[in-house]
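First comes the structure, then the notes that go with it.
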Amino acid sequence: MSKEMSSLKFYFRNNETWTINREYIGDLWIKQVTTSFGRIHGGELQKIHPCEGFKIEILPDAENVQTDDINSGGLELGMFARALKYEDIEKMEIIFDNKDVDLIYFPYLDKATPGQEGLDNQYQTTRIGKDKHLYIVIDPEKTVDTVYTDKF
């Protein structure tokens, strides 16, 4: 019996999360996932799965979120508006129908000026298309405009 992806759970730098069920995901691509071992923020050594790039199309119905996922600021703003205002997704869980989870880390380079810690990721670009879908690209070499050229 094979397992299927049931949802994706994004983790933002401010510790908010956003769970998107499979039926609200259009285009999806996770580029070159590898396995590494490392220590994150001085914690225990752990197995991590970084990827080289990521792109996703999120359908408008995904705007309705589970209220336990985010703080009240995210609820007031709405998830599409939150994702547009703060480009700070750093990792994602792939949740399977059998409850297994794979944790994927995205390429991340802080947009803040040197010596300051910010939240936004220089490699993340986010836009809403003509079709009202949310498009996100996290890639050191590509942007949402170069990947989804016909959507805006």
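The values are calculated or read from the model by the stated rules, or taken from the named source; none is laboratory data. A quick note: this is a predicted structure, and the numbers were derived from the prediction, not measured. Glycine gets a Cβ as well: all are built from the backbone with ideal geometry, and neighbour counts include every protein chain shown. In case anyone asks, the SASA skips ligands and DNA or RNA and just uses the protein heavy atoms, side chains included. Shrake-Rupley method; radii C 1.70, N 1.55, O 1.52, S 1.80 Å.
In segment 63-74, the count of residues that are modelled with pLDDT under 95, at positive phi and of a type outside the set (Gly, Ala, Ser) is zero. Checking segment 40-55 against the condition returns a match, with at least one residue being among the small types (Gly, Ala, Ser) and over 14 Å from the mean Cα position of the chain (by Cα).
Would you point out the residue of segment 125-144, among those that are assigned to a loop (DSSP other than H, G, I, E, B) and either of a type in the set (Gly, Ala, Ser) or touching a residue at least 40 places away in the same chain (Cβ under 8 Å) (or both), that is nearest to residue 30 (Cα to Cα)?
So in segment 125-144, the residues assigned to a loop (DSSP other than H, G, I, E, B) come out as 129-133, 139-143.
The next check asks that each one be either of a type in the set (Gly, Ala, Ser) or touching a residue at least 40 places away in the same chain (Cβ under 8 Å) (or both); those that pass are 129, 132-133, 139-142.
Working: 129: 20, 132: 22, 133: 19, 139: 10, 140: 13, 141: 14, 142: 13 Å.
Once the filter is applied, the top-ranked residue is 139.
The C-beta contact set for segment 34-56 (first residue open to solvent by 30 Å² or more (accessible area, probe 1.4 Å), second residue of a type in the set (A, V, I, L, M) and in a loop (DSSP other than H, G, I, E, B), distance under 6 angstrom, 6+ apart or interchain) comprises 49/33.
Within segment 10-26, the set of residues being of a type outside the set (Asp, Glu) and over 18 Å from residue 133 (Cα atoms) comprises 11, 12, 13, 14, 15, 17.
Checking the structure you have, find out if any residue of segment 111-123 is assigned to a strand (DSSP E or B), open to solvent by less than 50 Å² (accessible area, probe 1.4 Å) and modelled with pLDDT of 90 or more.
Let us first name the residues in segment 111-123 that are assigned to a strand (DSSP E or B), namely 121.
Checking the rest, the ones that are also open to solvent by less than 50 Å² (accessible area, probe 1.4 Å) come to 121.
Adding the requirement that they be modelled with pLDDT of 90 or more leaves 121.
Yes, segment 111-123 contains at least one residue that is assigned to a strand (DSSP E or B), open to solvent by less than 50 Å² (accessible area, probe 1.4 Å) and modelled with pLDDT of 90 or more.
The rows are residues; the columns are (1) more than 24 Å from residue 129 (Cβ to Cβ); (2) more than 11 Å from the chain's Cα centre (by Cα); (3) buried (at least 16 other Cβ atoms within 10 Å of the Cβ); (4) not hydrophobic (A, V, I, L, M, F, W, C).
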| site | (1), (2), (3), (4) |
| --- | --- |
| 77 | no, yes, no, no |
| 97 | yes, yes, no, yes |
| 100 | yes, yes, no, yes |
| 106 | no, no, yes, no |
